[in-house]
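Report on the structure given below.
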Amino acid sequence: NQKKLVIGVLGDSVTSGTDNCYYDAWPEQLRRQLAPLFGAMGMEVEIRNAAKNGGYSLPPQMLCAYDMLGVSDRPTDVGLDFLFQANPFVNGETVDAELLIRRALLGESHTIISMTEQNKNSFPTEDMIENYAAAGLTIGTPFQDAPPELGIPEKGHKFWFPDAQKGFWGMQGDGFCHLDTRSGSSAVVNRNWHWGPKFHQTYADAYALLLSRATRLALNDLSDGQTPPTPPKPSDLKRVLTDDDVKTPKADDNAPPTWKEFLFSSQDDATRLSAEQKGLGGVRCAVGLTNLPGATLLKDWLRPAQGSPFEDKMNARKGATYVPPDHDVFNSFYRFKFPNSPPNNAVAGKDWVADPKRFNGEAPRTLEQCRHVDGMTLINSSIKPDGVDVSWLVWEIPAEAVSYGRALICTSLQKGGLQELQKESLDKGDMRFHYAVPQQKDGWKVYEDVHKKLDSTIVKQLCMPVVTEMDEADLKAAREGGMWVAVEWKAAAIFEFDYLVST
């Protein structure tokens, strides 16, 4: 009964279409290929691409897929129909992959997922396929065992053009007289280290063929009176990874615990399965690395400290709000980038396209066809409250975003931000964590200095837990009325962040 097929896409600069007009990026090529098929059934095809150019880390993106892709505007029992992740250059870890796979396939909306291998040299592809393929998982390998036009295979045919260090760069066609893509774009396999229109077309073709075949089989089954099987539940499939795979390696006693231990290993089985049952929405986020319509942005959760449960304590300690009262309107508190990857010069016909007249009627001719979609709404961390040494970063987590009462703050930067935060900031009290939950009557119950329950060696990672535990009464209150979180920090302890996370 759906009128729209929605495909969410995550990934790195390749999937964002960098070094190409977005018209030639594989998600947009796939949309154009699928549109006639599903249009004949009265359905629109929408692809939401949250892939990022710039080397941003994948784990927080995978954790926050629900709000990166604006899934909250979809019916709860529908969610995304498909989730594709292609990230040849910037990888997550195996645990990030399996957590995303389980939330997608085993959650209440049952999102079919396909992704490229993570941790390329150690990803348990066969184990993942054996465990999850029947539920809807496919795993792509765009390099190692792919045909020659898909990257640089490790075995078999090798193309060294223009030289051994720059295989495929600027190469026209694929050796089979394909001098243009089907839409008339220049059939370059690679531009710089990114895929060119020909490579993107081949990748889109693979998904188009897969989905077209699946659609035909599904229609035949429905015509024969068959009903779709009931999707599996989290309790039906054990995890491939164990808790020990997530924890800090025992060989290094001095290694800090990872933020993933706090999220995933310290839960009992019932809590973990309950969170997975919520699907992609079992982890909710306010996100800086997107501008997609419907996405939950940082400004949607951030609040000025005035009017929050922490206002009295802030005033008593002569602090100031970090988030200005007018933060949710366009001002200098945020750094807006839309798009993050600018269009290339193909429209002007200067670099990669020698003769724009060779384009057919659908090929990129306008700035709008070349414009990318990977925008951002980040905090301008260079702006700090004037005249005070201590400020309060405050955010409000809505009730529907609380699963089991844990909150994190994350960065997607490979360097900087949390990666440079010093352990001493927590030890000396330069940074303090607090949270608040509704009381039985009016008002809020405030818990201060909850960072003291946290091993401070967790700093210098992509995500830092702020709230790690909550008793049953407080968790019930938070699930019914939401919760507030605050970071009280001195100017020297302020760091960049891109995600506020609630589970």
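Among 313-326, 294-307, 273-286, what's the highest-first ranking by average C-beta atoms within 10 angstrom per residue?
273-286, 294-307, 313-326
Quick one: if you stick a label point 7 Å off each Cα along the C-beta vector at Thr271 and Arg32, how many nm between them?
5.0 nm
Once you have the Cα-Cα distance between Asp300 and Ala214, take 0.36 nm times their residue separation minus that, and quote the gain in nm to one decimal.
Going from the current span to full extension adds 27.1 nm.
For a quick protection proxy, order the peptides 122-129, 83-90 by their average other-Cβ count within 10 Å, most packed first. Don't jump to the answer; show the numbers that get you there.
On the way: 122-129: 14.2, 83-90: 22.2.
So the order, starting with the most tightly packed, is 83-90, 122-129.
Quick one: 3J(HN,Hα) in Hz for region 436-448, Karplus 6.51/-1.76/1.60 with θ = phi - 60°, rounded, Gly and Pro as x.
9, 10, x, 8, 4, 9, 7, x, 10, 9, 9, 10, 9
Hey, quick one: spin label on Phe338, modelled 7 Å out along Cα-Cβ, who in region 15-37 has an amide N within reach, i.e. under 18 Å?
Under cut-off, by backbone N: 22.
Give me the net charge of Ala133's neighbourhood, meaning all other residues with Cβ under 13 Å from the Cβ of Ala133; Lys, Arg count +1, Asp, Glu -1.
-3
Pull out the extension gain between Ala316 and Gln439, defined as 0.36 nm times the separation in residues minus the alpha carbon to alpha carbon distance; nm, one decimal.
42.1 nm
Label Lys4 and Asp449 with points 7 Å out from Cα along Cα→Cβ: what is the distance between them in nm?
5.0 nm
For region 21-105, what does the relative contact order come out to in percent, with C-alpha contacts under 8 Å and a separation of six or more?
25 percent
For Ser223 and Asn380, FRET efficiency with R0 = 60 Å and r from the beta-carbon atoms, rounded to 0.05? Show your work: numbers first, answer last.
On the way: r = 57 Å, r/R0 = 0.95.
E between Asn380 and Ser223, to the nearest 0.05, is 0.60.
Could you provide, to the nearest whole Å², the per residue accessible area of region 54-143 with probe 1.4 Å?
Accessible surface, normalised per residue, equals 31 Å².
Return the distance in nm (one decimal) between the two label points of a simple spin-label model at Arg182 and Glu469, each offset 7 Å from Cα along Cα→Cβ.
Distance between label points: 5.7 nm.
Which of the peptides 466-474, 494-502, 61-69 is most tightly packed, and how do the rest follow, going by the mean number of other Cβ atoms within 10 Å of each residue?
Highest-to-lowest ranking by the protection proxy: 61-69, 494-502, 466-474.
Can you give the FRET efficiency to the nearest 0.05 for Ser235 and Ile129, using r as the Cβ-Cβ distance and R₀ = 25 Å?
0.75
The values are calculated or read from the model by the stated rules, or taken from the named source; none is laboratory data. The model shown is predicted, which means the values in this text are computed figures rather than measured ones. Positions of Cβ are generated from backbone atoms using ideal geometry, with glycine treated the same way; all protein chains shown enter the neighbour counts. Surface areas here come from the heavy atoms of the whole protein model, side chains and all, with no ligands, DNA or RNA. Shrake-Rupley method; radii C 1.70, N 1.55, O 1.52, S 1.80 Å.
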